[in-house]
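Let me begin by presenting the structure, written as C-alpha cells, before commenting on it.
The values are calculated or read from the model by the stated rules, or taken from the named source; none is laboratory data. A quick note: this is a predicted structure, and the numbers were derived from the prediction, not measured. Cβ coordinates were reconstructed from backbone atoms using ideal geometry, including for glycine residues, and neighbour counts include every protein chain displayed. Protein only, heavy atoms only, side chains kept; ligands, DNA and RNA dropped before computing areas. Shrake-Rupley method; radii C 1.70, N 1.55, O 1.52, S 1.80 Å.
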Amino acid sequence: MKFQETHTLNKGMATVLKMYTDPKYFEAKYAKLGHSNVRIVNSGMNGDVFTILVEYETKPTIKLPSFAEKFVSGTMKIKQTDSWNVKTATGSLAVDIAGMPTKVSANMKLTDKGDSTSLALDYEVNVKIPLIGGKLESVIADDVKSKSPEDTRVSNELLAGY
C-alpha cells in the first residue's frame, strides 16, 4: 500500500538537514515519542550521505486485528534506518518490526520554503501474509497517518534548538 504525508518544519532547509544528520536528534525524538530502550546502532557520513540505524521498543498503539495479534507480544522491537543525501536534500527510511512479516519504507524530499521546510514522504507498506496482508497494510498506514502530527510537533520542538 502506498500513501503520502507532508510535514512542515519551522526552519529553513539547512537547519533541518543539520538536525537530520545529528544522532542526538534521533535519540531525543524517539524518547519524546514515548519509545523505550532507544539505541543508536551506528551512524555517520559517507560522502554526501548520512545514514543512521536506530533500535527502540514500543507498545502497539492500535488495536490489531485478531489475526495479527499473534505476531506482536506486549512490546514491538523496531529497527529504523534513515539516510539523507545532504546535497540533494533527499532521503529514505526503512522500518523493520521484529517478528512481523512487515516492511515500511519511505522516500523523502525536503523543499526549502524560506522560513520553513516541507518534508514530503512517499510511503510504502508491505505485509507478506496471504489473503489478509492488505488489511494489515491499511491498519499500519492509518497508524502512521495518525502519528504524523505528533511526529511533526516533536521534530519542530527539537528543531528550535538548532
Can you say whether A98 is open to solvent by 50 Å² or more (accessible area, probe 1.4 Å), at pLDDT below 95 and of a type in the set (A, V, I, L, M), as far as the supplied structure shows? yes
Quick check on N107: is it within 17 Å of T6 (Cα to Cα), open to solvent by less than 70 Å² (accessible area, probe 1.4 Å) and touching a strand residue (DSSP E or B) at 6+ places or on another chain (Cβ under 9 Å)? no
Look at Q4 and say whether it is open to solvent by less than 30 Å² (accessible area, probe 1.4 Å), modelled with pLDDT of 95 or more and under 30 Å from L131 (Cα atoms). no
Test each condition in (1) open to solvent by less than 20 Å² (accessible area, probe 1.4 Å); (2) modelled with pLDDT of 95 or more; (3) aliphatic (A, V, I, L, M) for V86 and report the one that comes out false. (1)
So how many residues does the stretch 111-124 have that are farther than 29 Å from V139 by Cβ and open to solvent by less than 40 Å² (accessible area, probe 1.4 Å)? 2
Go through (1) among the small types (G, A, S); (2) more than 14 Å from T8 (Cβ to Cβ); (3) in contact (Cβ under 8 Å) with a residue 40 or more places away in the chain and name the single condition S118 misses. (2)
Picking from F26, F3, which residue would you name as being among the hydrophobic types (A, V, I, L, M, F, W, C), more than 24 Å from S138 (Cα to Cα) and out of contact with any Pro (no Cβ under 8 Å at 6 or more places or on another chain)? F26
Counting just the residues of the stretch 127-139 that are without any contact (Cβ under 8 Å) to a residue 40 or more places away in the chain and under 22 Å from N107 (Cβ atoms), which one comes out surrounded by the fewest Cβ atoms within 10 Å (Cβ to Cβ)? K128
Out of (1) in contact with a Pro (Cβ under 8 Å, 6 or more places away or on another chain); (2) modelled with pLDDT of 95 or more; (3) of a type in the set (F, W, Y), what's the single condition that is false for F71? (2)
Would you point out the residue of the stretch 1-53, among those that are hydroxyl-bearing (S, T, Y) and outside any helix (DSSP H, G or I), that is nearest to K145 (Cα to Cα)? T6
